[in-house]
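Notes to accompany the following structure.
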Amino acid sequence: MEYFRKIEPKQYIGVILGAMLSATAITSFVRPADLVPAGVGGVTILLIKEMNRLFGLTLSYGFLFLIINIILLSFVIKKLGKRFLILSFMHVFLTSIFVEILPAFKLTYDPILLAVFGGVVNGVGSSIALRMNGSAGGTDFIAIYFSMVKNKPMWDKIMFFNVCVLLYSGWMYDWSLALYSIIYQVASTKIIETYHNRYKLSSMRIITVEPDAVCTAVLSVTRHGITQLNGMGVYKHQYRAMLYMVVNEFEIKSIVDQVVAADPKAFIEVSSVERIEGNYRQKPLD
């Protein structure tokens, strides 16, 4: 119960909204276009099709989707934070419920439009869950776990797995639908990559005359290392210190606020970081 109390109301609301969007992507876009959305959703649909083809059985999408996610959850349950797992499982559980109860909206019969906008809706739903410090479950569990270990996004590896699922779908059923499904997955993945910033890295250079006060303020909101270089401002020939650090993108605002509070005249430069090597503390998922 302690971890439930730590979850903010906005996180509950965000997870519910994200689950509704993820379910809507299935009911109003994937099913009408007969797409295979890759990931656990795609595996679920393929298993339903295979069971129907081989044994004549019709399985519930929501039930099978939930079972597969529980199996994946069992592999990471001891390695990821409890609050993160609670929010992620909420998203998965609600998605499996909403898929069965939400009405389907027939927006268009064009498979390309269904693939593109279905991918966008699913990507937004997953992104909201990630922004709330949860996830959409499924392969997200695996991607986030390895992203924490490697300190870099792993969505490209998930994309490779998704392509394998789609190739199997095309080989067994319909290549044109598999190609439409790839469009769906690309749109979904690009939305997630754009709006999920937990594993995007940035470097910060802070020019200040109050390095001690700024360092103390910054270290109150983050545990990343700071390197100080002493120098002189050429224009006024006055002492300046440059503080250099690498942080996760989602931490930038809180760090900037602390720097400005400690030294309102500080000069701050932020740049994207493609890759790092060496020791780097990744803030754990709690």
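Reported value for region 171-254: 150 Å³ per residue, from the convex hull of its C-alpha atoms.
For the chain, the longest principal axis of the alpha carbon atoms and the long axis of helix 139-150 meet at an angle near 30°.
Taken one residue at a time, the phi angles of region 60-71 give Karplus couplings (6.51, -1.76, 1.60, θ = phi - 60°) of 7, 4, x, 5, 5, 4, 5, 5, 4, 5, 5, 4 Hz. Gly and Pro are set to x.
Beyond 24 Å, the tail of the calculated P(r) for region 1-92 holds 31 percent of the Cα pairs. The long axis of helix 111-131 is offset from the longest Cα principal axis of the chain by roughly 50 degrees. For ARG240, nonlocal amide neighbours, meaning residues 5 or more places apart or on other chains whose placed amide H falls under 5 Å from its own, are GLY231, MET232, GLY233.
Remark: region 45-59, residue by residue, has Karplus-estimated 3J(HN,Hα) of 5, 5, 5, 4, 5, 5, 5, 6, 6, 7, 10, x, 9, 10, 9 Hz, where x stands for each Gly or Pro and the curve is 6.51 cos²θ - 1.76 cosθ + 1.60 at θ = phi - 60°. Candidates ASN230, ALA38, LEU17 compared by Cα position along the dipole of the chain: farthest toward the positive end lies ASN230, with charges placed on Cβ. Counting protein heavy atoms only, the chain has 64 percent of its accessible area on carbon and sulfur, 1.4 angstrom probe.
Compute the angle between helix 9-25 and the longest alpha-carbon principal axis of the chain, please, reported from 0 to 90 degrees and rounded to the nearest 10. Result, in degrees: 40.
Semi-axis lengths, largest first, of the ellipsoid equivalent to region 215-286 are 24, 15, 11 Å, with √(5λ) applied to each eigenvalue of the Cα gyration tensor. Residue-wise HN-Hα couplings along region 206-219, as the Karplus relation 6.51 cos²θ - 1.76 cosθ + 1.60 with θ = phi - 60° gives them from phi, are 10, 9, 8, 9, 10, x, 5, 5, 5, 4, 4, 5, 5, 5 Hz; Gly and Pro carry x. Taking all protein chains into account, the per residue accessible area for the chain stands at 54 Å² (1.4 Å probe). Summarised in one figure, the compactness ratio Rg/Rh of the chain, Cα atoms and Kirkwood Rh, is 1.08. Distance between the C-alpha centres of region 120-142 and region 162-228: 12 Å, rounded to the whole angstrom.
When the gyration tensor of region 51-112 is built from Cα positions, what are the square roots of 5 times its three eigenvalues, in whole Å, from largest to smallest?
On the way: eigenvalues 155, 66, 23 Å².
For region 51-112, the ellipsoid semi-axes come out as 28, 18, 11 Å.
Computing Rg and the Kirkwood Rh from the Cα coordinates of region 83-233 gives a ratio, Rg/Rh, of 1.13.
The values are calculated or read from the model by the stated rules, or taken from the named source; none is laboratory data. Predicted model only: the values in this text are computed from it and were never measured. When we count neighbours, we look across all protein chains shown, and the Cβ atoms used for this are built from the backbone with ideal geometry, even at glycine. Only protein heavy atoms, including side chains, enter the accessible area calculation; ligands, DNA and RNA are left aside. Shrake-Rupley method; radii C 1.70, N 1.55, O 1.52, S 1.80 Å.
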